[in-house]
Amino acid sequence: MKIALIQLAINDEETKQDRISRVEGLLAQVRGAELILLPEIWNVGYFSFDRYGEESETLAGETVSRLSARARELQAYIFGGSIVERDGDKLYNTAVLIGPAGDILGAYRKIHLFGYGSEERKVLSPGKEVVAVETPFGKVGLSICYDLRFPELFRRLVERGAEIILNCAAWPYPRVEHWLLLNRVRAIENQCYFLSCCCAGTSRGKAFIGRSQVIDPWGTVVASAAERETILQAEIYPETVARAREEFTALKDRVLNV
């Protein structure tokens, strides 16, 4: 299965509409990929908290609608990264998985909001639901950035049948080693493919680490990026998840269940 991770460089000069148009151009470059990933709050810039309210959208808004059109055109699944979703008087950090027909297969509101050097926890409301989506290539779990630090979320995704877990992120410097280690650990302990797409560039003077990754169920890094904008492409083999779990039965051998 061919996948592509668009590690987008963020900057404070580009308008939201211009960035969406630029992403549409990058999506055209990965025609043939069956699954495409984007990073966290890429359309606004994660640290632009003062713009969250005015730039928020519903899931029927401009960003998701334009990604849905591209999914239909490319006949691909698009994990659209996340947007600031408006629902009534609340705002959420929401990631969507869009199918080749352009329909929203799953929407996940970030459960673990970041408070260290971030206003996310002040501006947004936390999600409540764990989201795993059935697809022809296996069940897919959705997660966002800071979620990486909370293993119980990923164990619940696996209990719901997840074989591939997607993560969109806007992980900033300096915690590079945390990011690299946690991605591999989540793949290893859950015996799944773990695909993470992180921002590059800067938002309000804070630099993102990039380093998007594709990791297999054995914890092997199949593909990884550096810190600049890039398109990371790889092939994964979803059928190997069941084989890995059958060969090395760590998930079956659990004694303490959350």
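The values are calculated or read from the model by the stated rules, or taken from the named source; none is laboratory data. Values in this document were obtained by computation on a predicted structure and should not be read as measured data. When we count neighbours, we look across all protein chains shown, and the Cβ atoms used for this are built from the backbone with ideal geometry, even at glycine. Protein only, heavy atoms only, side chains kept; ligands, DNA and RNA dropped before computing areas. Shrake-Rupley method; radii C 1.70, N 1.55, O 1.52, S 1.80 Å.
Below 16 Å Cα-Cα, how many Lys pairs turn up in the chain? Only count pairs eight or more apart in sequence, or on different chains, if you could. Could you put the intermediate results ahead of the total?
On the way: 90/110; 90/122; 90/128; 110/122; 110/128.
Value for the chain: 5.
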Antiparallel bridges, percent of DSSP beta bridges restricted to segment 107-258 (to nearest 5): 55 percent
Accessible area in square angstrom per residue, segment 99-198, 1.4 angstrom probe: 39 Å²
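Please state the relative contact order of segment 1-83 as a whole percent: Cα pairs under 8 Å, 6+ residues apart?
Taking the mean separation of contacting Cα pairs over the length of segment 1-83, I get 40 percent.
Averaging sequence separations of C-alpha pairs under 8 Å and six or more residues apart, then dividing by the length of segment 198-247, give the relative contact order as a whole percent. It would help to have the intermediate numbers written out before the result.
Numbers: 62 pairs, mean separation 14.0, N = 50.
In percent, rounded to a whole number, it is 28.
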Per-selection metrics, the chain (Cα): Rg and Dmax in Å: 16.9, 52
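Could the peptides 17-26, 210-219 be put in order, highest first, of the mean number of other beta-carbon atoms found within 10 Å of their residues? Display every interim value, and only then the final one.
On the way: 17-26: 14.5, 210-219: 22.1.
The densest-packed peptide leads the list: 210-219, 17-26.
Roughly how many debye, to the nearest 20, is the charge dipole of segment 1-128 about its Cα centre, given +1 on each Lys and Arg Cβ, -1 on each Asp and Glu Cβ, and no other charges? Write out the running numbers ahead of the final one.
On the way: 16 positive and 19 negative charges, 89 e Å.
Here segment 1-128 has a charge dipole of around 420 debye.
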Antiparallel bridge percentage (DSSP; both residues within the chain; nearest 5): 60 percent
Relative contact order, percent, the chain [alpha-carbon distance under 8 Å, six or more residues apart]: 20 percent
Student exercise, the chain dipole from Lys, Arg, Asp, Glu Cβ charges, in Debye to nearest 20: 400 debye
15 Å beta-carbon shell around residue 129, net charge (K/R +1, D/E -1): +1
Mean ellipticity per residue at 222 nm, deg cm²/dmol - from DSSP H runs of n ≥ 4 across the chain, formula -39500 (n - 2.57): -7500 deg cm²/dmol
Nearest-ten-degree value, helix 16-28 long axis tilted from longest Cα axis of the chain: 40 degrees
Distant-in-sequence amide H partners of residue 141 (H built 1.01 Å from N, under 5 Å): 133, 163, 164, 165, 166
Packing rank of 156-169, 3-16, where each peptide gets the mean count of other beta carbons within 10 Å, highest leading: 156-169, 3-16
Principal-axis tilt of helix 176-190 within the chain, Cα atoms, nearest 10 degrees: 40 degrees
Ranked packing of 140-152, 176-188, most packed first, by mean Cβ within 10 Å: 140-152, 176-188
Considering only segment 30-114, percent of DSSP beta bridges that pair antiparallel, nearest 5: 75 percent
